[in-house]
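The values are calculated or read from the model by the stated rules, or taken from the named source; none is laboratory data. Note that the structure is predicted; figures quoted are calculated from it, not measured. Glycine gets a Cβ as well: all are built from the backbone with ideal geometry, and neighbour counts include every protein chain shown. With ligands, DNA and RNA removed, areas are computed over all heavy atoms of the protein, side chains included. Shrake-Rupley method; radii C 1.70, N 1.55, O 1.52, S 1.80 Å.
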Amino acid sequence: MTMTIADRNANSSYDIVIVGGGMVGISLALLLNREASRDASLATSTQKPWKILLVEAQTIINEPQSGVYSSSPYHSSFDARSTALSWSSRTIYESIGIWPELKKHLSAIAQIHVSDRGHMGLTRINAEEADVDALGYVVENQWLGSVLLKQLEQTDVEVLDNAKVETIAPLADGMRLEIVTADNPPQTIHSKLVVIADGAGSATAQKLGIQSQSTAYGQTGIIANISLEKPHHGVAYERFTEQGPMALLPLTDFKGRPRSALVWTQPSDVAESLMAADEQSFLDQLQECFGYRLGRFEQAGERACYPLALTTADEQVRRHLVVMGNAAHSLHPVAGQGFNLSLRDAATLTDTLAATLSGAESQHIGDLGLLQDYQQRQSVDQRNTVLFSDSLPKLFGLSSSIVALGRNSGLLAMDLVPSLRSRFARFGMGMATREAGHG
Ligand SMILES: Cc1cc2nc3c(=O)[nH]c(=O)nc-3n(C[C@H](O)[C@H](O)[C@H](O)COP(=O)(O)OP(=O)(O)OC[C@H]3O[C@@H](n4cnc5c(N)ncnc54)[C@H](O)[C@@H]3O)c2cc1C
C-alpha cells in the first residue's frame, strides 16, 4: 500500500486534516469521504468537496501477516485486541458500505451472560428480548483495521504515514501544522479544520494547551484469544470478581476451533505476574476464576496488557479544531463502549459538517458555532456513556457485603424484570445513549 501525499510540495492546503490514523481517525476519514463524494455532484466552482488528509505517526501497511487473517495492518490501534461493536456502530459501518466485508469475520452476540464470582446473582440478556438480530458483534481489531484500510485506499483521502505533527498553531482562517517525516524535510500544511484523534493524553492537543484529566483505576486489562473445548454459541460472558471484571466475547472459529476474546481486569501487580506466567499456568488461573461453562480452556494466544484509566480532555472543540476518540475520552473497557461512542461522535460530526456542503448551513466547517453544535448534540451520549463505563467497574469491584448484596439483588432484579434487562441491552447496543443524545 503506497500512502504518501500525492505532491508533497503543492498539496499543502486542506479542508480537513485528521491527526491520528487509529480506529477512530480512519473511520472518520471514511465517513467524511462518504459525504464529500455524495455532494460532489452538487459541487459548484465555489464549493468543492472537502480535501482531506490523514496524518499517522506509524507506518500503515495492509500486507500479509502471519495470524488469522491473510492481510492486516501492523499498527497499535489494530493489535491483538477484539472490539464489541454495538448496533449503532453496525449502522454507521453500513452507511460507508464496509459492513458486508466486516461481517465475514464477525461473531454476533446472541446472549450476554452476567455473573458475579462467589455470589448468587446472575442474569442473561437475550437478543430476542431486545428485539434485535444481535446484542453486538465481536470483531478482531486486525480484521477491522484491514477492512478500514482497504476501504481507505478506494477514497480520495490523502494519507501521510510515518509522520508526526511537530507544531500546530491557530490562524484566522484555520490551523497551521508543521509535519515531520523520517526522510523528508518538515512540511507546513494549512487546514480549515483539524480533527485530533491521536489517542489518550493527546500530544497534539497538549501543543495547543488542551490538557486532559486522568484517573487511574489501579487495574490492568489483559487480553488474549482463548481456544475453547466447547462452542460459545454466541454468548458473551461478563463476570465480576473481587479483583475486577472479566469478559469472554465470542469470536469466529479458527481452524475449526471455537475461540473467545478475553479481557481480564486485574490489580496491576497481579496482572504483571499473569503476563509473566507460562501458558498453562495462565490458563489454569483463568479457568479457576471463570469456571467450566465453556469447558476446558485449551490455548491462549498472544497476551497484551493495558493499564486502565479514565482520561478526558478538558476541551473538545475550538475554532477550526475538534478533539475526538481516545484523545477526547478514553474509558474502562469493561462495558465495551469507548470505540462505539467515538464512532457515534464521528458520525454526528460528519452529519454536522455535511450541512455546510449541501448549502443548508451558511457556516464554514471551522466555525466555532458549528463545532459547538456538534459537541452539544453528542454531550448527553458522552456523559451517559462515560458515567456507565466508569461506574460499572467501581460498583462491581467493591467487596463489602452490603454492596455485594446490592449488586446481587441488582443482577437478580435484572433477571426478574425483563424491561430492566432490555434497557441494559439497549444501552450496550448504543441505542439508549444515541436516542438520549438526539433528544
Ligand atoms: C483491552 C481493551 C478492550 C477494548 N474493547 C472495546 C470494545 O469492546 N468496544 C469498544 O467500543 N471499545 C473498546 N475499547 C476501546 C477502544 O479500543 C478505543 O476506544 C479505541 O482504540 C480508540 O481509538 P483511537 O483511534 O481514538 O485511538 P488509538 O487507537 O490510540 O489511535 C491513535 C492513533 O494516533 C496515532 N498518533 C499518535 N500520536 C500521533 C501524532 N502526533 N501524529 C500522528 N499520529 C499520531 C497513533 O499511532 C495511533 O495510530 C477497548 C480498549 C481496550 C484497552
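Computed quantities for the displayed model
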{"read-out": "Extreme residue, nearest to the chain's Cα centre (by Cα), among residues of the range 247-261 that are surrounded by fewer than 23 Cβ atoms within 10 Å (Cβ to Cβ) and not in a loop (DSSP other than H, G, I, E, B)", "value": "Thr252"}
{"read-out": "In the range 211-232, residue nearest to the ligand (Cβ to nearest atom) [restricted to those that are in a loop (DSSP other than H, G, I, E, B) and open to solvent by 30 Å² or more (accessible area, probe 1.4 Å)]", "value": "Gln211"}
{"read-out": "Test: residue in the range 183-199 that is among the small types (Gly, Ala, Ser), in a strand (DSSP E or B) and in contact with a strand residue (DSSP E or B) (Cβ under 9 Å, 6 or more places away or on another chain)", "value": "yes"}
{"read-out": "Residues within the range 233-259 that are closer than 27 Å to Ala216 by Cα and within 15 Å of the ligand (Cβ to nearest atom), tallied", "value": "9"}
{"read-out": "Condition broken by Pro186, with the remaining ones in (1) modelled with pLDDT under 95; (2) open to solvent by less than 50 Å² (accessible area, probe 1.4 Å) satisfied", "value": "(2)"}
{"read-out": "Residue in the range 139-149 that is closer than 30 Å to Pro49 by Cα, open to solvent by 50 Å² or more (accessible area, probe 1.4 Å), among the small types (Gly, Ala, Ser) and not in a strand (DSSP E or B) present", "value": "no"}
{"read-out": "Output for the range 283-339, where each listed residue is under 24 Å from Asp253 (Cα atoms), within 16 Å of the ligand (Cβ to nearest atom), part of a helix (DSSP H, G or I) and not hydrophobic (A, V, I, L, M, F, W, C)", "value": "Pro333"}
{"read-out": "Count of the range 189-203 residues which are open to solvent by less than 10 Å² (accessible area, probe 1.4 Å), within 12 Å of the ligand (Cβ to nearest atom) and not hydroxyl-bearing (Ser, Thr, Tyr)", "value": "3"}
{"read-out": "Selection from the range 350-378 of residues that are buried (at least 24 other Cβ atoms within 10 Å of the Cβ) and either within 19 Å of the chain's Cα centre (by Cα) or farther than 22 Å from Ser37 by Cα (or both)", "value": "Gln378"}
{"read-out": "Filter result for Ser342 (more than 16 Å from the ligand (Cβ to nearest atom), under 30 Å from Pro245 (Cα atoms) and polar (S, T, N, Q))", "value": "no"}
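Okay, residues lined up against (1) closer than 21 Å to Leu31 by Cβ; (2) free of Cβ contacts under 8 Å to residues at least 60 places away in the same chain; (3) surrounded by fewer than 21 Cβ atoms within 10 Å (Cβ to Cβ); (4) not acidic (Asp, Glu):
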site: Gly291; (1), (2), (3), (4): no, yes, yes, yes
site: Leu294; (1), (2), (3), (4): no, no, no, yes
site: Ala300; (1), (2), (3), (4): no, no, yes, yes
site: Ala313; (1), (2), (3), (4): yes, no, no, yes
site: Arg319; (1), (2), (3), (4): no, no, yes, yes
site: Val323; (1), (2), (3), (4): yes, no, no, yes
site: Asn326; (1), (2), (3), (4): yes, no, no, yes
site: His332; (1), (2), (3), (4): no, no, no, yes
site: Gly338; (1), (2), (3), (4): yes, yes, no, yes
